[in-house]
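The values are calculated or read from the model by the stated rules, or taken from the named source; none is laboratory data. Fair warning: this is a prediction, and the values are worked out from it, not measured in the lab. Heads up, the Cβs are rebuilt from the backbone with ideal geometry, glycines too, and the neighbour counts pull from every protein chain shown. To get the accessible areas, we keep the full protein, side chains included, count just its heavy atoms, and leave off ligands, DNA and RNA. Shrake-Rupley method; radii C 1.70, N 1.55, O 1.52, S 1.80 Å.
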Amino acid sequence: MKERNKTLGEFIIEKQEDFKYSSGELSRLINSIRLAAKVVNYKVNKAGLVDIIGKFGEQNIQGEDQQKLDVYANEVFMQTLVNREIVCGIASEENDDFITIQGNDGLHNNKYVVLIDPLDGSSNIDVNVSVGTIFSVYRRVTPIGSPVTLEDFLQPGDHQVAAGYVIYGTSTMLVYTTGNGVNGFTLNPAIGTFYLSHPNLKFPKDGNIYSINEGNYVHFPQGVKDYIKYCQLEEEDRPYTSRYIGSLVSDIHRNMIKGGIYIYPTSSKAPNGKLRLLYECNPMAFIAEQAGGKASDGFGRIMDIVPTELHQRVPFFCGSYNMVVKAEEFMTKASEK
Ligand code: AHG
Ligand code: MN
Ligand code: MN
(Lines give C-alpha, C1' and ligand atoms only; values in the text may rest on other atoms or scores of the structure.)
(Ligands and ions follow the chains in the order given, each with its own letter.)
Protein backbone atom coordinates (compact mmCIF):
# COMPACT_ATOMS: atom_id res chain seq x y z
CA MET A 1 0.00 0.00 0.00
CA LYS A 2 1.32 3.46 -0.89
CA GLU A 3 2.13 5.41 2.24
CA ARG A 4 -0.13 8.45 2.57
CA ASN A 5 1.38 11.91 2.87
CA LYS A 6 2.15 13.20 6.33
CA THR A 7 -0.36 15.67 7.78
CA LEU A 8 0.80 19.08 8.96
CA GLY A 9 -0.11 18.05 12.51
CA GLU A 10 2.14 14.98 12.29
CA PHE A 11 4.91 17.03 10.70
CA ILE A 12 4.81 19.61 13.50
CA ILE A 13 5.05 16.89 16.17
CA GLU A 14 7.94 15.23 14.33
CA LYS A 15 9.83 18.53 14.08
CA GLN A 16 9.12 19.34 17.72
CA GLU A 17 10.98 16.15 18.66
CA ASP A 18 14.05 17.52 16.84
CA PHE A 19 14.34 20.34 19.39
CA LYS A 20 14.83 18.30 22.55
CA TYR A 21 14.78 21.11 25.06
CA SER A 22 12.28 23.43 23.43
CA SER A 23 9.06 24.14 25.25
CA GLY A 24 6.89 23.46 22.22
CA GLU A 25 5.78 27.10 22.00
CA LEU A 26 6.76 27.43 18.35
CA SER A 27 4.91 24.21 17.48
CA ARG A 28 1.79 25.52 19.20
CA LEU A 29 2.18 28.79 17.35
CA ILE A 30 2.29 27.09 13.94
CA ASN A 31 -0.67 24.99 15.02
CA SER A 32 -2.77 28.04 15.74
CA ILE A 33 -1.83 29.58 12.40
CA ARG A 34 -2.99 26.32 10.82
CA LEU A 35 -6.35 26.70 12.56
CA ALA A 36 -6.80 30.37 11.65
CA ALA A 37 -5.87 29.58 8.03
CA LYS A 38 -8.67 27.02 7.85
CA VAL A 39 -11.20 29.48 9.25
CA VAL A 40 -10.19 32.21 6.77
CA ASN A 41 -10.13 29.69 3.94
CA TYR A 42 -13.72 28.74 4.71
CA LYS A 43 -14.78 32.37 4.46
CA VAL A 44 -12.70 33.16 1.35
CA ASN A 45 -14.38 30.26 -0.41
CA LYS A 46 -17.80 31.68 0.36
CA ALA A 47 -16.98 35.10 -1.10
CA GLY A 48 -19.88 35.97 -3.36
CA LEU A 49 -22.33 33.87 -1.34
CA VAL A 50 -22.15 35.75 1.92
CA ASP A 51 -21.73 39.47 2.34
CA ILE A 52 -17.97 39.75 2.53
CA ILE A 53 -17.07 41.13 -0.88
CA GLY A 54 -16.24 44.80 -1.20
CA LYS A 55 -14.94 47.60 0.91
CA PHE A 56 -15.32 47.76 4.67
CA GLY A 57 -15.67 51.54 4.52
CA GLU A 58 -12.54 52.49 6.41
CA GLN A 59 -8.87 52.91 5.64
CA ASN A 60 -5.97 51.26 7.42
CA ILE A 61 -3.01 53.10 8.95
CA GLN A 62 -1.42 53.26 5.51
CA GLY A 63 -4.38 55.05 3.97
CA GLU A 64 -5.47 52.00 1.98
CA ASP A 65 -9.13 51.01 1.70
CA GLN A 66 -9.83 48.00 3.89
CA GLN A 67 -11.82 45.21 2.32
CA LYS A 68 -14.30 43.31 4.48
CA LEU A 69 -12.19 40.21 4.21
CA ASP A 70 -9.09 42.17 5.34
CA VAL A 71 -10.88 43.02 8.55
CA TYR A 72 -12.26 39.50 9.00
CA ALA A 73 -8.92 37.76 8.40
CA ASN A 74 -7.20 40.19 10.76
CA GLU A 75 -9.71 39.40 13.51
CA VAL A 76 -9.43 35.64 13.01
CA PHE A 77 -5.63 35.55 13.15
CA MET A 78 -5.41 37.99 16.06
CA GLN A 79 -8.14 36.23 18.06
CA THR A 80 -6.69 32.76 17.50
CA LEU A 81 -3.26 33.83 18.70
CA VAL A 82 -4.64 35.85 21.61
CA ASN A 83 -7.02 33.10 22.80
CA ARG A 84 -4.34 30.48 22.86
CA GLU A 85 -1.95 32.76 24.74
CA ILE A 86 1.03 31.54 22.74
CA VAL A 87 2.67 34.82 21.82
CA CYS A 88 3.53 37.91 23.82
CA GLY A 89 2.78 40.40 21.06
CA ILE A 90 1.31 40.80 17.59
CA ALA A 91 1.75 43.49 14.96
CA SER A 92 -0.53 43.52 11.94
CA GLU A 93 -0.48 45.42 8.69
CA GLU A 94 -4.09 46.35 9.42
CA ASN A 95 -3.51 47.84 12.88
CA ASP A 96 -1.87 51.16 13.73
CA ASP A 97 0.16 49.72 16.59
CA PHE A 98 1.29 46.38 17.97
CA ILE A 99 -0.62 44.69 20.79
CA THR A 100 0.74 43.17 23.97
CA ILE A 101 -0.63 39.86 25.16
CA GLN A 102 -0.60 38.68 28.71
CA GLY A 103 -1.66 35.28 29.96
CA ASN A 104 -4.62 34.57 32.25
CA ASP A 105 -2.16 34.80 35.12
CA GLY A 106 -1.51 38.41 34.12
CA LEU A 107 2.09 37.60 33.19
CA HIS A 108 3.91 38.13 29.91
CA ASN A 109 5.73 34.85 29.86
CA ASN A 110 5.68 33.90 26.19
CA LYS A 111 8.77 34.43 24.14
CA TYR A 112 7.58 34.97 20.58
CA VAL A 113 6.13 37.93 18.70
CA VAL A 114 4.22 37.56 15.43
CA LEU A 115 3.93 40.02 12.56
CA ILE A 116 1.21 39.43 10.05
CA ASP A 117 -0.30 40.54 6.75
CA PRO A 118 -3.66 38.86 7.35
CA LEU A 119 -4.89 39.24 3.80
CA ASP A 120 -2.46 39.91 1.01
CA GLY A 121 -3.71 40.90 -2.41
CA SER A 122 -7.05 41.91 -0.97
CA SER A 123 -8.07 43.99 -3.98
CA ASN A 124 -8.28 40.66 -5.83
CA ILE A 125 -11.08 39.21 -3.70
CA ASP A 126 -13.91 40.77 -5.64
CA VAL A 127 -12.69 39.22 -8.89
CA ASN A 128 -12.06 35.67 -7.64
CA VAL A 129 -8.28 35.78 -7.82
CA SER A 130 -5.97 34.13 -5.27
CA VAL A 131 -5.18 35.93 -2.05
CA GLY A 132 -2.92 34.99 0.85
CA THR A 133 -1.79 35.47 4.43
CA ILE A 134 1.85 36.14 5.40
CA PHE A 135 3.36 35.67 8.86
CA SER A 136 6.71 36.23 10.51
CA VAL A 137 7.91 35.10 13.96
CA TYR A 138 10.70 36.49 16.17
CA ARG A 139 11.97 35.70 19.62
CA ARG A 140 11.42 38.78 21.82
CA VAL A 141 14.52 40.75 22.78
CA THR A 142 13.13 42.38 25.94
CA PRO A 143 13.08 40.27 29.11
CA ILE A 144 10.37 37.62 29.51
CA GLY A 145 7.80 38.71 32.07
CA SER A 146 7.60 42.34 30.96
CA PRO A 147 5.18 43.69 28.32
CA VAL A 148 6.65 43.72 24.80
CA THR A 149 7.97 46.97 23.36
CA LEU A 150 8.52 48.28 19.83
CA GLU A 151 12.07 46.97 20.00
CA ASP A 152 10.76 43.38 19.94
CA PHE A 153 9.20 44.01 16.53
CA LEU A 154 11.90 46.14 14.91
CA GLN A 155 14.37 43.30 14.39
CA PRO A 156 16.19 42.59 11.13
CA GLY A 157 14.65 39.75 9.10
CA ASP A 158 17.76 37.71 9.76
CA HIS A 159 16.49 37.16 13.31
CA GLN A 160 13.27 35.45 12.22
CA VAL A 161 12.70 32.02 13.74
CA ALA A 162 9.83 31.12 11.44
CA ALA A 163 7.93 32.59 8.51
CA GLY A 164 5.32 31.40 6.10
CA TYR A 165 2.32 32.10 3.98
CA VAL A 166 -1.07 30.67 3.24
CA ILE A 167 -2.31 30.83 -0.33
CA TYR A 168 -6.04 30.65 -0.90
CA GLY A 169 -5.87 29.60 -4.53
CA THR A 170 -7.24 26.82 -6.70
CA SER A 171 -6.26 24.81 -3.67
CA THR A 172 -5.29 26.19 -0.28
CA MET A 173 -1.71 25.74 0.81
CA LEU A 174 0.33 26.57 3.87
CA VAL A 175 4.03 27.01 3.16
CA TYR A 176 6.48 27.71 5.97
CA THR A 177 10.04 27.55 7.21
CA THR A 178 11.64 27.41 10.64
CA GLY A 179 15.09 27.81 9.12
CA ASN A 180 15.47 24.24 7.93
CA GLY A 181 14.21 24.43 4.37
CA VAL A 182 10.69 25.15 3.16
CA ASN A 183 7.74 22.77 3.16
CA GLY A 184 4.32 23.15 1.57
CA PHE A 185 1.07 21.58 2.76
CA THR A 186 -2.16 21.37 0.77
CA LEU A 187 -5.57 21.50 2.45
CA ASN A 188 -8.01 18.70 1.79
CA PRO A 189 -11.16 20.78 2.25
CA ALA A 190 -13.41 17.74 2.66
CA ILE A 191 -11.83 16.83 5.99
CA GLY A 192 -10.05 20.08 6.85
CA THR A 193 -6.58 18.55 7.00
CA PHE A 194 -3.34 19.89 5.51
CA TYR A 195 -1.10 17.26 3.91
CA LEU A 196 2.59 17.57 3.07
CA SER A 197 2.41 17.95 -0.71
CA HIS A 198 5.56 19.97 -1.48
CA PRO A 199 8.46 18.76 0.71
CA ASN A 200 11.68 20.77 0.57
CA LEU A 201 10.57 23.43 -1.91
CA LYS A 202 13.40 24.98 -3.94
CA PHE A 203 13.53 28.00 -6.26
CA PRO A 204 15.12 26.96 -9.57
CA LYS A 205 18.49 28.79 -9.73
CA ASP A 206 17.44 30.40 -13.03
CA GLY A 207 14.02 31.11 -14.40
CA ASN A 208 12.20 32.70 -17.29
CA ILE A 209 9.38 34.61 -15.60
CA TYR A 210 9.53 38.25 -14.57
CA SER A 211 6.74 39.71 -12.44
CA ILE A 212 6.37 43.46 -12.10
CA ASN A 213 3.56 45.98 -12.51
CA GLU A 214 4.81 47.30 -15.84
CA GLY A 215 2.06 49.90 -15.95
CA ASN A 216 4.30 51.94 -13.67
CA TYR A 217 7.23 51.72 -16.11
CA VAL A 218 7.67 55.47 -16.62
CA HIS A 219 8.05 55.93 -12.86
CA PHE A 220 10.68 53.20 -12.36
CA PRO A 221 14.36 53.84 -11.58
CA GLN A 222 16.69 53.47 -14.57
CA GLY A 223 18.17 50.16 -13.32
CA VAL A 224 14.74 48.51 -13.30
CA LYS A 225 13.92 49.88 -16.75
CA ASP A 226 17.22 48.48 -18.06
CA TYR A 227 16.57 45.09 -16.44
CA ILE A 228 13.08 44.91 -17.97
CA LYS A 229 14.57 45.60 -21.39
CA TYR A 230 17.11 42.83 -20.74
CA CYS A 231 14.24 40.41 -19.91
CA GLN A 232 12.57 41.32 -23.19
CA LEU A 233 15.65 40.94 -25.39
CA GLU A 234 15.71 38.14 -27.94
CA GLU A 235 18.82 36.20 -26.87
CA GLU A 236 19.58 32.73 -25.49
CA ASP A 237 16.60 31.84 -23.26
CA ARG A 238 15.04 35.28 -23.63
CA PRO A 239 12.65 37.02 -23.98
CA TYR A 240 11.30 35.89 -20.62
CA THR A 241 7.61 35.57 -20.06
CA SER A 242 5.76 38.21 -18.04
CA ARG A 243 3.35 37.10 -15.28
CA TYR A 244 1.86 39.45 -12.69
CA ILE A 245 -1.15 38.60 -10.56
CA GLY A 246 -0.89 41.53 -8.16
CA SER A 247 -0.97 39.22 -5.15
CA LEU A 248 2.54 38.99 -3.71
CA VAL A 249 1.93 35.55 -2.21
CA SER A 250 0.64 34.09 -5.47
CA ASP A 251 3.33 35.74 -7.60
CA ILE A 252 6.14 34.47 -5.38
CA HIS A 253 4.59 31.02 -4.99
CA ARG A 254 4.37 30.59 -8.76
CA ASN A 255 7.92 31.84 -9.27
CA MET A 256 9.27 29.51 -6.57
CA ILE A 257 7.76 26.52 -8.36
CA LYS A 258 8.53 27.58 -11.93
CA GLY A 259 11.56 29.87 -11.59
CA GLY A 260 11.25 33.63 -11.82
CA ILE A 261 11.80 37.05 -10.29
CA TYR A 262 9.31 39.35 -8.55
CA ILE A 263 10.04 43.07 -8.41
CA TYR A 264 8.24 45.91 -6.64
CA PRO A 265 10.68 48.78 -7.05
CA THR A 266 10.69 52.35 -5.85
CA SER A 267 9.01 54.72 -8.22
CA SER A 268 8.52 58.43 -8.44
CA LYS A 269 5.01 57.77 -7.08
CA ALA A 270 6.17 55.50 -4.21
CA PRO A 271 9.70 56.63 -3.32
CA ASN A 272 10.21 53.78 -0.82
CA GLY A 273 8.35 51.14 -2.81
CA LYS A 274 4.97 49.76 -1.77
CA LEU A 275 5.59 46.53 0.07
CA ARG A 276 6.05 46.45 3.80
CA LEU A 277 9.37 45.26 5.17
CA LEU A 278 8.03 43.60 8.31
CA TYR A 279 4.78 42.01 7.13
CA GLU A 280 5.64 41.11 3.53
CA CYS A 281 9.29 41.39 2.50
CA ASN A 282 11.09 39.81 5.47
CA PRO A 283 8.93 36.67 5.68
CA MET A 284 9.05 36.19 1.90
CA ALA A 285 12.82 36.81 1.95
CA PHE A 286 13.31 34.16 4.67
CA ILE A 287 11.33 31.65 2.62
CA ALA A 288 13.17 32.60 -0.58
CA GLU A 289 16.60 32.16 1.02
CA GLN A 290 15.59 28.90 2.66
CA ALA A 291 14.47 27.71 -0.78
CA GLY A 292 17.80 28.64 -2.39
CA GLY A 293 16.52 31.93 -3.83
CA LYS A 294 17.48 35.51 -3.04
CA ALA A 295 15.77 38.67 -1.76
CA SER A 296 17.19 42.16 -2.15
CA ASP A 297 16.18 45.81 -2.08
CA GLY A 298 18.06 46.21 -5.37
CA PHE A 299 21.43 46.75 -3.72
CA GLY A 300 21.61 44.60 -0.60
CA ARG A 301 20.04 41.79 1.36
CA ILE A 302 16.50 42.45 2.62
CA MET A 303 17.07 40.52 5.85
CA ASP A 304 20.01 42.74 6.83
CA ILE A 305 17.90 45.89 6.97
CA VAL A 306 17.44 47.20 10.50
CA PRO A 307 13.83 48.43 10.63
CA THR A 308 13.05 51.83 12.08
CA GLU A 309 9.25 51.72 11.98
CA LEU A 310 6.49 49.11 12.02
CA HIS A 311 4.92 49.97 8.69
CA GLN A 312 8.17 50.71 6.85
CA ARG A 313 8.18 50.13 3.09
CA VAL A 314 11.09 48.92 0.97
CA PRO A 315 11.74 48.09 -2.68
CA PHE A 316 11.66 44.32 -3.20
CA PHE A 317 13.47 42.04 -5.65
CA CYS A 318 12.86 38.38 -4.86
CA GLY A 319 13.14 35.07 -6.64
CA SER A 320 15.51 32.73 -8.44
CA TYR A 321 19.05 33.39 -7.24
CA ASN A 322 20.74 34.20 -10.54
CA MET A 323 17.90 36.41 -11.71
CA VAL A 324 18.06 38.58 -8.59
CA VAL A 325 21.85 38.84 -8.94
CA LYS A 326 21.37 40.01 -12.54
CA ALA A 327 18.75 42.61 -11.55
CA GLU A 328 21.12 43.93 -8.83
CA GLU A 329 23.86 44.30 -11.46
CA PHE A 330 21.58 46.54 -13.52
CA MET A 331 20.67 48.58 -10.43
CA THR A 332 24.32 49.13 -9.52
CA LYS A 333 25.33 49.96 -13.08
CA ALA A 334 22.56 52.56 -13.44
CA SER A 335 23.30 54.17 -10.08
CA GLU A 336 26.97 54.64 -11.01
CA LYS A 337 26.14 56.64 -14.12
P1 AHG B 1 -2.15 44.06 0.46
O2 AHG B 1 -3.38 43.53 -0.19
O3 AHG B 1 -1.74 43.26 1.68
O4 AHG B 1 -2.20 45.54 0.73
O5 AHG B 1 -0.91 43.82 -0.53
C6 AHG B 1 -1.01 44.18 -1.88
C7 AHG B 1 0.37 44.18 -2.44
C8 AHG B 1 0.88 42.85 -2.93
O9 AHG B 1 0.15 41.73 -2.64
C10 AHG B 1 0.95 43.00 -4.42
O11 AHG B 1 2.04 42.33 -4.93
C12 AHG B 1 1.02 44.47 -4.63
O13 AHG B 1 0.37 45.06 -3.55
C14 AHG B 1 0.35 44.88 -5.91
O15 AHG B 1 0.50 46.23 -6.07
P16 AHG B 1 0.12 46.98 -7.45
O17 AHG B 1 -1.37 46.88 -7.56
O18 AHG B 1 0.62 48.37 -7.22
O19 AHG B 1 0.86 46.28 -8.55
MN1 MN C 1 0.14 42.43 1.34
MN1 MN D 1 -2.90 42.90 3.44
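Modelled with pLDDT under 95, buried (at least 16 other Cβ atoms within 10 Å of the Cβ) and basic (Lys, Arg): which single residue out of LYS20, LYS46, LYS38, LYS111 fits that description?
LYS111
Any residue that is surrounded by fewer than 17 Cβ atoms within 10 Å (Cβ to Cβ), touching a residue at least 60 places away in the same chain (Cβ under 8 Å), more than 19 Å from GLU328 (Cα to Cα) and of a type in the set (S, T, N, Q) - is there at least one of those in the range 301-312?
Yes - at least one qualifying residue is present in the range 301-312.
Please work out which residue is farthest from ligand 2 (Cβ to nearest atom), limiting yourself to the range 242-252 and to residues that are surrounded by fewer than 24 Cβ atoms within 10 Å (Cβ to Cβ) and of a type outside the set (S, T, N, Q).
Of everything passing the filter in the range 242-252, ARG243 is farthest from ligand 2 (Cβ to nearest atom).
So which of GLY184, GLY164 ends up being in contact with a His (Cβ under 6 Å, 6 or more places away or on another chain) and either assigned by TED's automatic domain parsing to the domain that holds TYR112 or more than 21 Å from ASP120 (Cα to Cα) (or both)?
None of the other options fit; the residue is GLY184.
List the helices (runs of 4 or more DSSP H) inside the range 233-337, counting only whole elements, that have at least 2 residues being farther than 23 Å from ASN95 by Cβ and within 16 Å of ligand 3 (Cβ to nearest atom).
248-258
Does at least one position in the range 70-90 carry a residue that is more than 13 Å from ligand 2 (Cβ to nearest atom), in contact with a helix residue (DSSP H, G or I) (Cβ under 8 Å, 6 or more places away or on another chain), more than 24 Å from VAL148 (Cα to Cα) and open to solvent by 10 Å² or more (accessible area, probe 1.4 Å)?
yes
Select from the range 264-285 the residues that are over 12 Å from HIS219 (Cα atoms) and either under 9 Å from the mean Cα position of the chain (by Cα) or open to solvent by less than 20 Å² (accessible area, probe 1.4 Å) (or both) and list them in ascending order.
Scanning the range 264-285 gives LEU275, ARG276, LEU277, LEU278, TYR279, GLU280, CYS281, ASN282, PRO283, MET284, ALA285.
One residue is enough: does the range 92-114 have a residue meeting the conditions polar (S, T, N, Q) and within 14 Å of ligand 1 (Cβ to nearest atom)?
yes
With a cut-off of at least 3 residues that are of a type in the set (Ser, Thr, Tyr) and within 27 Å of ASN110 (Cα to Cα), name the strands (runs of 3 or more DSSP E) lying wholly within the range 125-192.
Per the criteria, 131-139.
Just checking, which of SER136, SER146, SER130 is among the polar types (S, T, N, Q) and within 12 Å of ligand 1 (Cβ to nearest atom)?
SER130
Between a first residue in the range 117-128 that is open to solvent by less than 20 Å² (accessible area, probe 1.4 Å) and at pLDDT 90 or above and a second residue that is near ligand 2 (Cβ under 7 Å from one of its atoms) and not in a helix (DSSP H, G or I), which pairs have beta carbons less than 6 Å apart while being 6 or more apart in sequence or on different chains?
The qualifying pairs are ASP117/GLU93; ASP117/ILE134; ASP120/ILE134.
Are any residues in the range 180-214 free of Cβ contacts under 8 Å to residues at least 24 places away in the same chain and buried (at least 17 other Cβ atoms within 10 Å of the Cβ), and if so, which ones?
Across the range 180-214, the qualifying residues are GLY184, THR186.
Confirm whether PHE135 is more than 15 Å from the chain's Cα centre (by Cα) and surrounded by 20 or more Cβ atoms within 10 Å (Cβ to Cβ).
No: the conditions fail for PHE135.
Mind counting the residues in the range 218-232 that are open to solvent by less than 80 Å² (accessible area, probe 1.4 Å) and part of a helix (DSSP H, G or I)?
Total satisfying the criteria: 10.
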